[in-house]
Amino acid sequence: MRNIDILCVGEVLIDFIGHQNNVLINETRDYHRYLGGSPANVAMNCKRLGLNSTMVATVGNDGFGEYVFKRLDEIGIDTKHIKKLDNKATSVIFVSKSNGTPDFIPYRDADCAISEEQITVEMLAATKIYHTTCFALSKKPAQTTILNKAAEAFKSGCKLSIDLNYAKELWSNREEALEVIKTYCKYNPLIKISDDDMFRFFEKELSHEEIFSFFHNLGVETVCLTLGSKGVKLSQKGKEIIELPAIKIEKVMDTTGAGDAFWSGFLFAYIKEKPIEECLQVALKLAALKLQNVGRLPDNINILSKLL
């Protein structure tokens, strides 16, 4: 029986988000601490939506690591597959507060030390969706672990998912990133990308059709392209592209985590076996809610789950 709705594998870290709005890091005077990391955000959002989510990650045996465990325990996330390391520090990222794509500086240590024994055959057999990120795949040994376990997950009947949140600062070179992404795409994951991610990855402007074709040619059936305030496009191989507008909001408080909120809503509705357009509608609602809040989503997001 597949009783783990979503297995999130990758970075859990500390985000220090700037207080000053729409300034770069070199102009930011002070920061507030939040629990971060894209897979951790998705795991927490999905748990609060009522799904059974499990997190696989590594942190340092330090104060920030304790904070990670405390926050995840409060939400009820299964933390027994998160490893504490004595010889590494919990990873930290400084992020500017922005209405657009935020500026960030990563200080990485423990997050990339995920090992294969943290993900068992039994876990994969019990999992519906195996989810990770481009960030998590950017550094070994986590990269090797995630790819090997993705192959096992695919063979065991899991649906795979990835947020291709590419940033060149995290990778040795773009060629390595391309090979890793191609390898993961062999397992036909649900893909979430943003137009910003794609501009950074391809290092040039491509049409949306060219982006969709690139991933479909790698064997991916479903590609979701988020376009910020312009909404979202989703392409399923061989079908008409679905396009929906963003939900209009009066004031954007913070964009950090909006993509994670979007994808949490999408995966939640997907697991509930909703039509793909409805998955997008739920995703857009959750993203709009996040844009109006700094840090985590508000506690009442479970209201959305009751509407399905």
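Of note:
- In segment 21-111, taking the dipole from charged Cβ atoms about the Cα centre, the farthest positive-side position among I75, F94, N41 is held by I75.
- A dipole drawn for the chain from +1 and -1 charges on Cβ atoms has a positive end, and of A125, A246, L24 the residue lying farthest that way is A125.
- Positive-end extreme of charge dipole, the chain - chosen from A113, L51, P141 (charges on Cβ): L51
- Calculated [θ] (222 nm, deg cm²/dmol) that DSSP helices of n ≥ 4 give over the chain, each run adding -39,500 (n - 2.57): -10500 deg cm²/dmol
- Förster-model FRET efficiency, 22 Å R0, K168 and Y107, C-beta, rounded to 0.05: 0.80
- Summary of packing: across the peptides 57-65, 141-149, the per-residue average of other C-beta atoms within 10 Å ranks them, highest first, as 57-65, 141-149.
- Dipole magnitude for segment 149-268: computed about the Cα centre from +1 point charges on Lys and Arg Cβ and -1 point charges on Asp and Glu Cβ, it is near 360 debye.
- Annotation: K80 carries an accessible surface of approximately 150 Å², with a 1.4 Å probe and no ligand, DNA or RNA atoms counted.
- Only Lys, Arg, Asp and Glu carry charge here, each on its Cβ (+1 for the first two, -1 for the last two); on that basis the chain has a dipole of about 560 debye about its Cα centre.
- Assuming charge only on the beta carbon of Lys and Arg (+1) and of Asp and Glu (-1), the dipole of segment 199-252 about its Cα centre is about 200 debye to the nearest 20.
The values are calculated or read from the model by the stated rules, or taken from the named source; none is laboratory data. Bear in mind that the values here come from a model prediction, so they are computed numbers and not experimental data. In this analysis, Cβ positions are derived from the backbone assuming ideal geometry, glycine residues included, and neighbour counts consider all displayed protein chains. Side chains included, ligands, DNA and RNA excluded: accessible areas come from the protein's heavy atoms. Shrake-Rupley method; radii C 1.70, N 1.55, O 1.52, S 1.80 Å.
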